[in-house]
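K.L.:
I have a structure here, written as structure tokens, and I will follow up with some questions on it.
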Amino acid sequence: MHIVIMGCGRVGSTLAHILEDNGHSVAIIDRDPQAFRRLRAGFHGRRVTGVGFDRDVLGEAGIESAAAFVAVSSGDNSNIISARVAREMFGVENVVARIYDPRRAEVYQRLGIPTVATVRWTADQILRRVLPEGAEPLWRDTTGTVVLAEVPFHPCWIGVRARAAEDATGARLAFINRMGEALVPKDGTVIQEGDILHLVAAESDMGRINKMLSGPPSDEEN
């Protein structure tokens, strides 16, 4: 695939190298030609100087044949405008924009522009490391209503069917990390010692779910 990236900062240059290593052709755009110094000497992709919402610049980057467009410059407005131009003027369906303001990210997500709200994501990752286990989700949707969370459980849940745990909490057990491998639970799957449960649920329910799993199951779950 051909992929166009706007922004040759640390994220953009890293993406460019990974994509090229995976056999894709890459064009990277930046208004500052000095930014291309972040690219390794052996980088074979196109380096295009300019802004990512300029049609001529996008054309030079090969946007007409692009399977995806990624906007990861340091400016929210530039990223979202460029993503919209790539999608609406050039018909690139697979676009992603990095957004620093999570409130804007929610708005643009509703407009159909997938976004990565870096401030919220970074804050979540830090909190997961400094707060007790289960205090912060691994992932949340841009509206903040649905989360994927790693939830600890009381030892008395060992031996309980995964489906029973779902029924008891009202959450979806997305997968179990068992001995370093991901396991999608089936009807006969039971919770084992050392399992790490990853649940998908409404964020407003997480307090109740954490409290329920931190204690022993009721007789009905057993």
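K.L.:
Residues being closer than 17 Å to ASN94 by Cβ and assigned to a loop (DSSP other than H, G, I, E, B): count how many of those fall in the stretch 24-40.
P.N.:
Within the stretch 24-40, residues that are closer than 17 Å to ASN94 by Cβ and assigned to a loop (DSSP other than H, G, I, E, B) number 1.
K.L.:
Mind listing whichever residues of the stretch 186-203 are at pLDDT 90 or above, under 27 Å from the mean Cα position of the chain (by Cα) and not in a loop (DSSP other than H, G, I, E, B)?
P.N.:
LEU197, HIS198, LEU199, VAL200, ALA201, ALA202 - these are the residues of the stretch 186-203 that are at pLDDT 90 or above, under 27 Å from the mean Cα position of the chain (by Cα) and not in a loop (DSSP other than H, G, I, E, B).
K.L.:
Next question. Find the residue count for the stretch 142-153, including only residues that are surrounded by 13 or more Cβ atoms within 10 Å (Cβ to Cβ) and either assigned to a loop (DSSP other than H, G, I, E, B) or of a type in the set (Phe, Trp, Tyr) (or both). I'd like the intermediate steps shown before the answer.
P.N.:
To start, the set of residues in the stretch 142-153 that are surrounded by 13 or more Cβ atoms within 10 Å (Cβ to Cβ) comprises 142, 144, 146-153.
Of the ones still in play, those that are also either assigned to a loop (DSSP other than H, G, I, E, B) or of a type in the set (Phe, Trp, Tyr) (or both) are 142, 144, 152-153.
Final tally of qualifying residues: 4.
K.L.:
Do we have VAL51 as of a type in the set (A, V, I, L, M), crowded, with 20+ Cβ neighbours inside 10 Å and touching a residue at least 24 places away in the same chain (Cβ under 8 Å) here?
P.N.:
Numbers: of a type in the set (A, V, I, L, M): yes; crowded, with 20+ Cβ neighbours inside 10 Å: no; touching a residue at least 24 places away in the same chain (Cβ under 8 Å): yes.
When the stated conditions are applied, VAL51 does not pass them.
K.L.:
Within the stretch 1-54, track down each residue that is under 18 Å from ILE81 (Cβ atoms), in contact with a helix residue (DSSP H, G or I) (Cβ under 7 Å, 6 or more places away or on another chain) and charged (D, E, K, R).
P.N.:
ASP30
K.L.:
Looking at this structure, is VAL11 surrounded by fewer than 19 Cβ atoms within 10 Å (Cβ to Cβ), in contact (Cβ under 8 Å) with a residue 24 or more places away in the chain, outside any loop (DSSP other than H, G, I, E, B) and among the aliphatic types (A, V, I, L, M)?
P.N.:
Working: surrounded by fewer than 19 Cβ atoms within 10 Å (Cβ to Cβ): yes; in contact (Cβ under 8 Å) with a residue 24 or more places away in the chain: yes; outside any loop (DSSP other than H, G, I, E, B): yes; among the aliphatic types (A, V, I, L, M): yes.
Yes: the conditions hold for VAL11.
K.L.:
Let me ask something else about it. Quick check on the stretch 120-135. Is at least one of its residues modelled with pLDDT of 75 or more and surrounded by 17 or more Cβ atoms within 10 Å (Cβ to Cβ)?
P.N.:
no
K.L.:
On to the next question. Suppose the filter is buried (at least 17 other Cβ atoms within 10 Å of the Cβ), in the same structural domain as LEU15 (by TED's automatic domain parsing) and not hydroxyl-bearing (Ser, Thr, Tyr); does VAL107 pass it?
P.N.:
no
K.L.:
With respect to ALA162, is the statement that it is modelled with pLDDT under 90 and crowded, with 16+ Cβ neighbours inside 10 Å true?
P.N.:
Working: modelled with pLDDT under 90: no; crowded, with 16+ Cβ neighbours inside 10 Å: yes.
Answer is no for this residue.
K.L.:
Of the residues that sit in the stretch 165-200 and are farther than 20 Å from LEU138 by Cβ and among the β-branched types (Val, Ile, Thr), which one is surrounded by the most Cβ atoms within 10 Å (Cβ to Cβ)? Steps first, answer last, please.
P.N.:
Of all residues in the stretch 165-200, those farther than 20 Å from LEU138 by Cβ come to 167-168, 186-190, 192-193.
Subset that is among the β-branched types (Val, Ile, Thr): 189-190.
On the way: THR189: 17, VAL190: 15.
Ranking the candidates gives THR189 first.
K.L.:
Ok, one more. Determine whether the stretch 75-85 contains at least one residue that is closer than 18 Å to ASP32 by Cβ and in a loop (DSSP other than H, G, I, E, B).
P.N.:
Among the residues of the stretch 75-85, at least one is closer than 18 Å to ASP32 by Cβ and in a loop (DSSP other than H, G, I, E, B), which makes the answer yes.
The values are calculated or read from the model by the stated rules, or taken from the named source; none is laboratory data. Here the structure is a predicted model, which is why all the values come from computation and not from measurement. A quick note on method: Cβ atoms are made from the backbone with ideal geometry, for glycine too, and the neighbour counts reach across all protein chains shown.
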